[in-house]
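Have a look at the structure below, then the notes.
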Amino acid sequence: GEVIGEAKGPGIEPYLGLRYPAWDIPTQVRQIMLRAPFRVIKDIHAEHSALIQHPDACPLDMTLSHLRGVSPIYVEYLTNMGVRATMNISLIVHGQLWGMFAFHHYRPRHLTPDERSICELFGQLVSMMLQKEIEQSKLNRRQKSQSTLVALKDDGNGLGPVIAEMSHALMEITESDGLCLFYEGEYRNYGLTPSTDLTSRLVDYSPDEIIAIESLQSLSGISTSDIELGPTAGALIVRLQDDATLFFFRNEVVHSIRWAGGTEKELTHGPNGPRLSPRGSFAEYKESVSGRCAPWKEEDIAAASNVCRRLWKAMQVDTREQSKALERQKQYQDLLIAELNHRVRNTLALVRSIARQTKASSGSLEQYVELLESRIAALSAAHDLVGGNGLQWAQVHDLLMAELKPFQVSRSNVEIDGPNLSVRADMAPILALLFHELVSNSVKHGALSIRGRQLKVHWYDDADGISIDWVETLEAEVQEPDTRGFGLALIERALPYECNGRSKILFQGNQLKIQFWLPADAINRSNEPSPSAKEKPVRSMATPLDLSDEIASALIVEDNLVLAMEVEQLLLELGVESVETVPNLELAKSAIDRTTYDCAVMDINLGSETSFDITTRLRGTETRVVLASGYDSKFDLPESLWDIPRIVKPINKVDLFDAISRASKAD
């Protein structure tokens with residue numbers, strides 16, 4: 001593991017860029033970190049209390065207990081680092097431990113339940129953002145691979161000419177430097193490859209369909225000392241059939257690793273007998289690594305697997321090979337389903353955390369539901385702004401406008417001004433929550449309510465960072481509240497806690513002034529012109545959300561019943577008289593064959609099929625078409641359909657109204 005980000009106090013030894021050996025975190029500890037992603041130890045030298053239990057009782061599982069004792073080995077490890085208190089937050093992606101935040105303190109440090117809840121929520125948010133970024137990267141890579149494989153066809157001349165024509169493209173999608181095809185006893189080489197002597201020894205190396213090798217020099221069972229490797233260091237072996245194998249080769253990458261102390265293990269004798277002791281020093285030392293290629297990623301192996309399946313189809317292999325391919329495809333689909341299940345569990349955990357925080361500040365069930373829905377929507381908007389297009393920064397202007405738009409605020413009493421600034425991806429969710437609390441409170445009680453006059457939001461460079469001024473002017477004097485609810489506490493504490501920022505709330509006559517300050521490392525400046533509030537206009541509160549004069553009937557194509565029912569309810573609330581829902585393309589085609597609809601809301605992904613064909617068909621009719629998707633990008637949409645309005649799930653009434661209003665119909 002490598003330290004890829006760091007924040008520390010003055011005089012503290014830096015660890016940024018240092019590597020730690022895998023056995024620093026044993027396998028059983030990794031399993032605990034998956035079950036209990038949040039762990040805080042206020043004092044590693046705190047006195048332990050023995051458990052009292054009946055002699056016949058089973059051992060007590062304390063994995064999920066925040067008060068469980070600290071392992072003596074771990075105490076010794078932290079002592080060697082000079083650490084007294086620690087907190088770990090696991091980052092879990094697709095059910096695996098992707099990384100962690102390790103917080104160290106050099107004195108005992110106690111965290112309140114509120115602080116622990118915020119930290120736990122922070123870890124869940126970062127894990128979700130990481131997972132979405134990784135999924136987005138994989139999908140983009142998969143689309144690029146698929147576009148290449150479409151051209152991979154057997155024209156009747158055999159496998160050799162097909163590979164020869166597509167060799168450069170195949171090396172590109174697997175990010176390899178050389179390619180070799182062993183077919184019918186012959187070797188055909190393209191790009192940078194080792195000698196045929198090595199390739200011949202690798203032909204029968206493994207019975208597996210695909211095997212990834214990062215170091216051919218250290219390959220067990222095959223002697224490479226007498227073989228000329230050239231620049232080659234690693235290989236990806238893809239077995240097509242008994243007499244056909246593809247080899248993708250990568251060149252050597254020599255690099256230096258900065259270790260956090262020596263990685264050797266020391267055996268010592270103590271009161272419990274011989275045992276391995278943790279390292280006593282964490283001083284940096286460097287090690288040069290050679291004879292290895294860049295690691296083969298999951299995306300590389302998936303691309304190679306797709307090549308294998310495509311060639312099977314092109315070559316029309318026998319039924320036995322086809323059955324194997326179908327079985328592997330089923331295993332791949334099962335893996336995707338497992339990943340989806342984990343993603344749903346993460347989402348539910350996040351919703352639960354927000355729900356608990358919202359409960360304390362709600363006076364009624366109706367208010368609780370309203371606050372919960374709006375806060376989840378605010379996080380969703382920030383998530384889309386950061387992850388929807390693979391970006392690592394979110395514009396302050398976009399975060400603000402995303403919160404103003406659902407409240408249909410009039411532009412006449414809103415003034416927004418500031419340079420083109422963005423905040424880090426990790427800051428986007430918390431800033432979105434702050435803007436949400438400010439806007440929702442302003443609509444209910446402040447400048448955006450019926451007794452308000454004007455709202456001014458201005459951000460500018462200030463003291464090696466940026467300041468954001470939120471000023472509301474009301475008709476009457478502003479009264480400071482007697483109690484601090486969740487929203488006000490979030491406004492006052494979030495930025496100081498999350499990024500060493502500052503927050504100040506001032507009640508001055510008929511004005512409410514809120515000042516935020518963010519440090520320079522939390523922001524990014526762009527030379528592009530700053531968007532103004534007029535570029536993303538929001539609807540006046542006088543504009544009714546009513547489609548009854550234009551839309552009488554609507555068709556919903558959505559494979560999830562709960563989501564279909566939600567969109568159906570929204571359309572009925574917008575004044576649509578008749579709404580029909582169908583779960584797949586077959587029923588959708590039957591519906592439009594017998595009925596003409598004024599509007600159609602089409603989910604892009606319908607299980608194993610897409611709605612592109614029927615969407616194209618409806619474009620030439622009187623039906624207004626709106627597309628719905630869980631991703632805020634165009635990577636999965638044909639260019640011919642980019643002009644069709646698109647809404648991102650979860651769908652709200654305002655966005656649905658806007659999309660239908662913007663949808664065009666045939667002249």
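Can you tell me which condition Leu656 does not meet? The list is (1) open to solvent by 50 Å² or more (accessible area, probe 1.4 Å); (2) within 15 Å of Ile551 (Cα to Cα); (3) in a helix (DSSP H, G or I), and all the others hold. Unmet for Leu656, out of (1) open to solvent by 50 Å² or more (accessible area, probe 1.4 Å); (2) within 15 Å of Ile551 (Cα to Cα); (3) in a helix (DSSP H, G or I): (1).
Looking across region 72-99, the residues that are surrounded by 13 or more Cβ atoms within 10 Å (Cβ to Cβ), more than 30 Å from the chain's Cα centre (by Cα) and part of a loop (DSSP other than H, G, I, E, B) come down to Val83, Arg84. In region 183-210, the qualifying residues are those that are under 13 Å from Phe249 (Cα atoms), out of contact with any helix residue (DSSP H, G or I) (no Cβ under 9 Å at 6 or more places or on another chain) and outside any helix (DSSP H, G or I), and the one that is most open to solvent (accessible area, probe 1.4 Å) is Leu192. Among Gly485, Gly509, which is without any contact (Cβ under 8 Å) to a residue 40 or more places away in the chain and surrounded by fewer than 18 Cβ atoms within 10 Å (Cβ to Cβ)? Gly509 is the lone residue from the list that is without any contact (Cβ under 8 Å) to a residue 40 or more places away in the chain and surrounded by fewer than 18 Cβ atoms within 10 Å (Cβ to Cβ).
Scanning region 16-49 for residues that are at pLDDT 85 or above and in a loop (DSSP other than H, G, I, E, B) yields Leu16, Ala36, Pro37, Lys42, Asp43, Ile44, His45, Ala46, Glu47, His48, Ser49. Selection of region 621-638 for residues being over 24 Å from Leu570 (Cα atoms) and modelled with pLDDT under 75 yields Lys634, Phe635, Asp636, Leu637. Of the candidates Leu399, Leu421, the single residue that is at pLDDT below 85 and either in contact with a Ser or Thr (Cβ under 8 Å, 6 or more places away or on another chain) or surrounded by fewer than 23 Cβ atoms within 10 Å (Cβ to Cβ) (or both) is Leu421.
Count, please, the residues in region 583-601 that happen to be among the hydrophobic types (A, V, I, L, M, F, W, C) and open to solvent by 10 Å² or more (accessible area, probe 1.4 Å).
Adding up the residues that qualify gives 3.
In region 588-614, the residues that are in a strand (DSSP E or B) and modelled with pLDDT under 85 form Cβ pairs under 7 Å with partners that are of a type in the set (Asp, Glu) and open to solvent by 50 Å² or more (accessible area, probe 1.4 Å), at six or more places apart or across chains, as follows: Leu606/Asp559. Pairing each residue of region 567-578 that is under 12 Å from Leu656 (Cα atoms) with any residue that is polar (S, T, N, Q) and modelled with pLDDT of 90 or more, provided the two are 6+ apart or on different chains, yields C-beta distances under 9 Å for Val567/Thr581; Glu568/Thr581. The residue that is farthest from the chain's Cα centre (by Cα), counting only those in region 555-566 that are open to solvent by 70 Å² or more (accessible area, probe 1.4 Å) and without any contact (Cβ under 8 Å) to a residue 24 or more places away in the chain, is Met565.
Does region 229-239 include one or more residues that are at pLDDT 70 or above, among the charged types (D, E, K, R) and open to solvent by less than 20 Å² (accessible area, probe 1.4 Å)? Before the answer, list the steps.
Within region 229-239, the first condition is being at pLDDT 70 or above, and the residues that meet it are 229-239.
Now drop any that are not among the charged types (D, E, K, R), which leaves 239.
Subset that is open to solvent by less than 20 Å² (accessible area, probe 1.4 Å): none.
Looking through region 229-239, none of the residues is at pLDDT 70 or above, among the charged types (D, E, K, R) and open to solvent by less than 20 Å² (accessible area, probe 1.4 Å).
The values are calculated or read from the model by the stated rules, or taken from the named source; none is laboratory data. A quick note: this is a predicted structure, and the numbers were derived from the prediction, not measured. Here the Cβ is made from the backbone with ideal geometry for all residues, glycine too, and neighbour counts use every protein chain on show. Heads up: the accessible areas ignore ligands, DNA and RNA and are worked out on the full protein's heavy atoms, side chains in. Shrake-Rupley method; radii C 1.70, N 1.55, O 1.52, S 1.80 Å.
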